[in-house]
Each structure stands twice: as structure tokens, then as C-alpha cells.
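Below you'll find the structure, written out as C-alpha cells, and then a few comments.
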Amino acid sequence: MAVTRREDRMAAYDISKHARKIGPATGLAADLARRLDETGRPIRVGLIGSGEMGTDIVTQCQQMTGITVAAIAEINIDAAKKALTIAGRGEEVQTADGAAAFTKAIESGKAAVTQDAQIVCKSDHIDVVIDATGKPAVGAEIGLTAMEHGKH
């Protein structure tokens, strides 16, 4: 069995947030990369919930150029931090107890983690809100609030 150095392995946690990431040069991946080049910033996702589905979303976004999970709203703050750690972003996390701390975290390039989904839905620093709670009533409230604040 051959032993490989860590530097030789390609894994989600090895991919820097500033490097081009895995993806084809056509379709959505190309559109996201082009938008990043044109605007200078990725699409910023606000994720509500960080269980299995939420963790998968964080991990997939981390591997794509031009999109990032900028914030997670989660009742269990440790679960949100764990999702970001699994995706290779454990050092890029800041807990935000209010709107000002939330904004400061995102503006400093950190992933904001909060218990307040309303902050995520209303923030001008979030472009897209994804409900990963698995609770239809919560999802309906999140979707409505997000749309009222111009989010996809």
C-alpha cells in the first residue's frame, strides 16, 4: 500500500476558500465562476438548520467556486460549528448573538452562526436562504420572511 502525503490528497478540508474549486467549466459551475469574477464576491447562502441535510449543503458549497455558506441559523450552535468543521471551515466561524455581530462576522469573512433565523432571512449580506430544518411549518415561515426581504 502506497503512503501519500497530506499535500498530495485532495479533500474538502484542503481546499482554500480563495482557490478555484472542483467543478466543470460549463453550466452552473461556469456561471458561478463567471459571476464571482464579475462581482468579486460569491453568492452568500444563509442556511437554516445544520443536521444531515444542512451539513451536506455546507460541504457541497465549500467545493464549488462562486458560492459559500455565509451564515447558519441553528438552535444547537455546536451542530452548526460541526457542519462548518466537516466542510473544512472550522477556523472561519464566529458566533453572532445579534444583528450587529452577525454583520460584523460576515464582513470579516467569517461564517456567522446564530440561533436567530430571522437575522439570516433579513440580512443584506445574504443572497439566498435555504431551509434545512425538515419542519414544514418552520420552512414556510422562513421562506416567507426570506422572500419579503428579497432573498431567493
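The values are calculated or read from the model by the stated rules, or taken from the named source; none is laboratory data. What you see is a predicted model; the values in this text were computed from it and never measured. As a convention, Cβ positions derive from the backbone with ideal geometry for all residues, glycine included, and neighbour counts pool all protein chains shown. For the accessible areas, the whole protein counts, side chains as well, though only heavy atoms, and no ligand, DNA or RNA atoms are used. Shrake-Rupley method; radii C 1.70, N 1.55, O 1.52, S 1.80 Å.
Computing FRET efficiency as 1/(1 + (r/R0)^6) for GLU38 and ASP116, where r is the C-beta to C-beta distance and R0 is 25 Å, gives about 0.20. Pairs with C-alpha atoms separated by more than 22 Å, drawn from the list LYS81/LYS151; LYS81/LYS110; LYS82/LYS151; LYS104/LYS151, are LYS81/LYS151; LYS82/LYS151.
What is the extension gain from ASP124 to GLU91, computed as 0.36 nm multiplied by their sequence separation minus the C-alpha to C-alpha distance, in nm to one decimal?
Details: separation 33, 0.36 × 33 = 11.88 nm, distance 2.37 nm.
Taking 0.36 nm per residue and subtracting the Cα distance, the gain is 9.5 nm.
Using the average count of surrounding beta-carbon atoms within 10 Å as a protection proxy, the listed peptides 31-42, 57-68 rank, highest first, as 57-68, 31-42.
Quick check on the stretch 48-109: take the gyration tensor over C-alpha atoms, sort the square-rooted eigenvalues as a ≥ b ≥ c, and tell me if it's rounded (a/c under 1.5), prolate or oblate. Before the final figure, lay out the partial values.
Working: a/c = 1.87, a/b = 1.24, b/c = 1.50.
Because a/c hits 1.5 or more and a/b fails to exceed b/c, the stretch 48-109 counts as oblate.
Average accessible surface for the stretch 28-143: 47 Å² per residue, computed with a 1.4 Å probe over protein heavy atoms with every protein chain in place.
Rounded, prolate or oblate, given the Cα gyration tensor of the stretch 51-152, with a/c below 1.5 counting as rounded? Don't jump to the answer; show the numbers that get you there.
On the way: a/c = 1.40, a/b = 1.18, b/c = 1.18.
In terms of gyration-tensor shape, rounded.
How much of the accessible area of the stretch 32-152, probe 1.4 Å, is carbon plus sulfur, in whole percent? Intermediate results must be reported in sequence, preceding the final value.
Working: 3190 of 5920 Å².
Taking all protein chains in place, the stretch 32-152 shows 54 percent carbon and sulfur surface.
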